[in-house]
Amino acid sequence: MHLLVVEDERELCETIVRSLRRLAYSVDYCHDGEAALELLDVEHYDLVVLDLNLPLKDGMTVLRTLRQRDQETRVLILSARSEVEDKVEGLDAGANDYLAKPFHLAELEARIRSLTLRRFAQQSVQLSCGELCFDTRARSASVNGQPLTLTRKETGILEYLLVHQGRPVSQEELIEHVWDNSVDNFSNSIRVHISSLRKKLRAELGYDPIHNRIGEGYLMEGEEA
Ligand code: CA
């Protein structure tokens, strides 16, 4: 899942970004409304955590501009203004949720989880494919209850393929949703991470649930009959 955090309080921004990256989300961030609109123009985010009081362009302007062309990207507003009118204005302008400051990180994480999964009408916190399970709350994968030790990238790839199982996912799409600007995008090939993930899955499952569809991408499927 590719997230954008727009927050001008540097320390808060850093705390949020660090906690979300720890949960294997791919996270970009910026500190003002203009930078946010620039990023939203070129990147494809699953969800934006958007502060309202921002320099250069405020959060409401960012939200309204985004909504003129994009209804899909989830937007979670963060605001110190907890008045009902602000909340209503934000939701009317197309925000999907609203969280008043100060908040607990655990609550922010829960809202993000709910918003990113709601998009796929996923009811449970468990994503699964055969004996393979991914707990979206604990952010951990297991096979028959045995935990798998995965890197942040492998976790991100696995979650994305599980959410979209049944259809092929291209490398470009994975890069868009699993990678962020925190690392050199080109230093580590996505193939390396996928091959290492597949090795771990094969070792535990006894088969490889990730299939190559030539020209289409990677497809997550249960054991073939
Ligand atoms: Ca602010």
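Each pair of Cα atoms in region 1-78 enters the Kirkwood radius, and Stokes-Einstein at 4 °C and 1.567 mPa s then converts it into a translational diffusion coefficient of 106 µm²/s. DSSP bridge analysis restricted to the chain gives an antiparallel fraction near 45%, rounded to the nearest 5. The spread of Cα positions in region 46-111, taken along each principal axis and listed from longest to shortest, comes to 32, 23, 22 Å.
Computed from backbone phi, the HN-Hα couplings of region 43-53 come to 10, 10, 9, 7, 7, 10, 9, 10, 6, 8, 7 Hz, rounded to whole numbers (Karplus: 6.51 cos²θ - 1.76 cosθ + 1.60, θ = phi - 60°; Gly and Pro given as x). For residue 220, the residues whose amide H sits under 5 Å from its own are 166, 167, 211, ignoring neighbours fewer than 5 places away on the same chain, with H placed 1.01 Å from N. For region 96-168, the C-alpha radius of gyration divided by 2.2 N^0.38 Å, with N the number of residues, is 1.20. Accessible surface calculations at 1.4 Å, restricted to protein heavy atoms, place region 43-158 at 48 Å² per residue. Residue ranges 27-36, 211-220 sort as 27-36, 211-220 when ordered by packing (mean number of other C-beta atoms within 10 Å per residue, highest first). How about residue 199: which lysines have a C-alpha closer than 18 Å to its C-alpha, ignoring those fewer than 8 places off in the same chain? Reachable lysines: 153. Under a 5 Å amide H cut-off, with hydrogens placed 1.01 Å from N, residue 77 pairs with 50, 96, 97, 98, 99 among residues at least 5 apart or on other chains.
Mean separation of Cα pairs under 8 Å and 6 or more residues apart, divided by the residue count, gives the chain a relative contact order of 18 percent.
Here region 6-135 is treated with +1 on each Lys and Arg Cβ and -1 on each Asp and Glu Cβ, and its dipole about the Cα centre works out to around 380 debye. Note on region 15-165: Cα convex hull, mean projected area over all directions, 9.4 nm². A helix-only calculation puts the chain at -12500 deg cm²/dmol for mean residue ellipticity at 222 nm, using -39500 (n - 2.57) for each DSSP H run of at least four residues, averaged over all residues.
The values are calculated or read from the model by the stated rules, or taken from the named source; none is laboratory data. Since this is a predicted model, take the numbers as computed values, not measurements. Glycine gets a Cβ as well: all are built from the backbone with ideal geometry, and neighbour counts include every protein chain shown. Only protein heavy atoms, including side chains, enter the accessible area calculation; ligands, DNA and RNA are left aside. Shrake-Rupley method; radii C 1.70, N 1.55, O 1.52, S 1.80 Å.
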